[in-house]
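Structure, as structure tokens:
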Amino acid sequence: MNQAALLMPVFVLILWTFIITLIMAYGRVRFTKNPQKDAAHTRDLKGLLPAWVERTSDNYNHLFEQPVAFYAVTLSIALINNIDPLMVQLAWAFTIIRIVHSLVQLTLNKVLLRFFIFATGWFVIAFMALSQII
């Protein structure tokens with residue numbers, strides 16, 4: 001296995017984050033009447049925007065929380081060049097998990113389902129990390 005195979009899921013997740021950024025920006029621009037007054041601080045937007053725009057903004061923030069640990073673990077595995085097919089599969093699994101998490105948050109927004117998906121993502125990250133030290 002080469003580093004590109006392991007890093008491809010990282011690039012896909014970064015591109016997914018960019019897509020969420022575009023959706024969020026569209027919603028904020030379209031539904032903010034006076035950006036200078038209404039959007040000077042993110043907290044000022046609460047309640048002014050449609051629910052889907054607020055959920056998209058929340059999801060954008062979530063894509064900078066748990067995935068940061070995934071990026072660190074994946075880049076560390078690539079750096080030490082300890083790449084095997086299982087690590088590549090786990091990296092893809094995490095990326096898919098995060099995309100599914102986004103889709104659930106943007107549509108159904110079922111909190112317990114989102115939590116299950118979130119927890120599953122942490123198990124993947126933890127397994128990737130533990131496999132490097134055991």
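No value in this document is a laboratory result; all are computed from the given coordinates. If you're wondering where the values come from, they're calculated on a predicted model, not measured in any experiment. Cβ placement follows ideal geometry from the backbone for every residue including glycine, while neighbour counts extend to all protein chains displayed.
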Revision key, fill the gap. Taking Cα atoms, the helix 85-106 axis meets the longest principal axis of the chain at an angle in degrees (rounded to 10) of 10 degrees
Exercise for review: Calculate the length of the line joining the C-alpha centroid of region 77-134 to that of region 1-73, in whole Å.
Suggested key: 18 Å
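In what sequence do THR21, THR56 fall when counting other Cβ within 10 Å, fewest first?
THR21, THR56
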Practice item. Calculate the radius of gyration of the Cα atoms of the chain to one decimal place, then report Dmax, the largest Cα-Cα distance, as a whole number, both in Å. Key: 17.1, 55
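For the chain, what is the calculated [θ] at 222 nm in deg cm²/dmol (nearest 500), taking -39500 (n - 2.57) for each run of four or more DSSP H residues and dividing by its residue count?
-26500 deg cm²/dmol
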Check your understanding: Which angle from 0 to 90°, rounded to the nearest 10, does the C-alpha axis of helix 111-133 make with the longest principal axis of the chain?
Key -> 30 degrees
Check your understanding: With contacts defined as alpha carbon pairs under 8 Å and 6 or more residues apart, what's the relative contact order of region 3-133 in percent?
Key -> 32 percent
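Name the trypsin sites (Lys or Arg not before Pro) in region 30-134 that are in a loop by DSSP and that have at most 10 other C-beta atoms within 10 Å, would you? Walk me through the numbers before you get to the answer.
On the way: sites: ARG30, LYS33, LYS37, ARG43, LYS46, ARG55, ARG98, LYS110, ARG114; in loops: LYS33, LYS46, LYS110.
When the trypsin sites (Lys or Arg not before Pro) of region 30-134 are filtered for loop state and at most 10 Cβ neighbours within 10 Å, LYS33, LYS46 remain.
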